[in-house]
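Before any comments, here is the structure.
The values are calculated or read from the model by the stated rules, or taken from the named source; none is laboratory data. As the structure is a computational prediction, the values presented were derived from the model and not from experiment. Every residue, glycine as well, gets a Cβ built from its backbone with ideal geometry; the counts of neighbours run over all protein chains shown. Accessible surface is based on the protein model in full, side chains and every heavy atom, while ligands, DNA and RNA are left aside. Shrake-Rupley method; radii C 1.70, N 1.55, O 1.52, S 1.80 Å.
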Amino acid sequence: MQTKNIILFASGNGSNAENICRYFQNNTSIHVAALFCNKADAKVLDRMKAVNVPTHVFSRSEFHDSEKFLPLLINFKADLIVLSGFFWLVPEYLVKYFSGKIINIHPALLPKYAGKGMHGQHVHEAVKANGETETGITIHYVNEKYDEGEIIFQASTTLTNNDSIEDIAMKISVLEKDNFPKVIETLLLK
Ligand code: GAR
């Protein structure tokens, strides 16, 4: 079978990106070809050095310039673009070109806690403020709107009143690390 290439997109910490890279490190059929990042000082860039994955840092204007940006992705022969903690809206030209090939992970049970600005810690704060007894993760296809693409996978966890925002973040992180690489693998080997 021909090797399938993943391109990761991340904006900050990159614990999911690193987890995905390590999961596929010795896999002969699936390869993490590159990580694209929109922040020059993001921690994820150091993490990628540790796992030997090439990185490309880009600006907002580059992201929206289809003639410049698209060839970069095509060069890596991307079979799947994986947003792993990436917080910008994906431009329409990319959604169209990679139709059904861009996925995102969201730290809540969509359609709850969705939309612009609802990411990472902000989600956990809102979940805590609303006294939810359950939360979880959603992996979904990406369309032109924040968090509205078709859902591929969800997993949930229970919460108690005693759970702090940090506890919620930890429960979500465990679900993400356990499930995201496996869902990617299933999609690519389908
Ligand atoms: C993850 O929890 C991911 O689900 C979330 O950002 C975090 C990134 O952590 N993504 C979103 O909120 C997207 N709307 P990481 O940088 O350590 O992987």
Suppose we filter L175, L189, L83 for residues that are more than 9 Å from the ligand (Cβ to nearest atom) and either touching a strand residue (DSSP E or B) at 6+ places or on another chain (Cβ under 6 Å) or over 20 Å from C21 (Cα atoms) (or both); which single one remains?
L175
Neighbours by Cβ (under 8 Å, 6+ apart or cross-chain): first from segment 15-37, acidic (D, E); second away from the ligand (no atom under 13 Å from the Cβ) and at pLDDT 95 or above:
E18/A50; E18/V51
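Applying the selection to segment 86-109, what residues are part of a loop (DSSP other than H, G, I, E, B), open to solvent by less than 40 Å² (accessible area, probe 1.4 Å) and either within 11 Å of the ligand (Cβ to nearest atom) or over 21 Å from K177 (Cα atoms) (or both)? Break it down into steps so the answer makes sense when it comes.
Here is the first cut: in segment 86-109, the residues part of a loop (DSSP other than H, G, I, E, B) are 86-91, 98-101, 107-109.
So of that shortlist, the ones also open to solvent by less than 40 Å² (accessible area, probe 1.4 Å) come out as 86, 90-91, 98, 107-109.
Passing the criteria: F86, V90, P91, F98, P107, A108.
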What number goes with the only condition from (1) buried (at least 18 other Cβ atoms within 10 Å of the Cβ); (2) part of a loop (DSSP other than H, G, I, E, B); (3) more than 14 Å from the ligand (Cβ to nearest atom) that K112 does not pass?
(3)
Could you grab me the full set of residues in segment 115-161 that are open to solvent by 50 Å² or more (accessible area, probe 1.4 Å), more than 8 Å from the ligand (Cβ to nearest atom) and part of a loop (DSSP other than H, G, I, E, B)?
K116, N130, T133, E144, K145, E148, E150, T160, N161
Please count how many residues of segment 14-45 are closer than 26 Å to S61 by Cβ and polar (S, T, N, Q).
1
Pairing a residue in segment 46-67 that is at pLDDT 95 or above and small (G, A, S) with any residue that is surrounded by 14 or more Cβ atoms within 10 Å (Cβ to Cβ) and assigned to a loop (DSSP other than H, G, I, E, B), where Cβ atoms lie under 9 Å and the two sit 6 or more apart in sequence or on different chains, gives S59/N38; S66/P91
Scope segment 59-84; condition surrounded by 12 or more Cβ atoms within 10 Å (Cβ to Cβ) and more than 27 Å from K190 (Cα to Cα); matching residues:
E62, F63, H64, D65, S66, K68, F69
Going residue by residue through segment 35-58, is there one that turns out to be over 18 Å from E150 (Cα atoms), more than 11 Å from the ligand (Cβ to nearest atom), out of contact with any helix residue (DSSP H, G or I) (no Cβ under 9 Å at 6 or more places or on another chain) and open to solvent by less than 20 Å² (accessible area, probe 1.4 Å)?
no
May I ask you to list the residues in segment 164-178 that are of a type outside the set (D, E) and over 19 Å from the mean Cα position of the chain (by Cα)?
S164, I165
Only residues that are more than 18 Å from C21 (Cα to Cα) and in a loop (DSSP other than H, G, I, E, B): list them for segment 37-60, please.
N38, K39, A40, D41, F58, S59
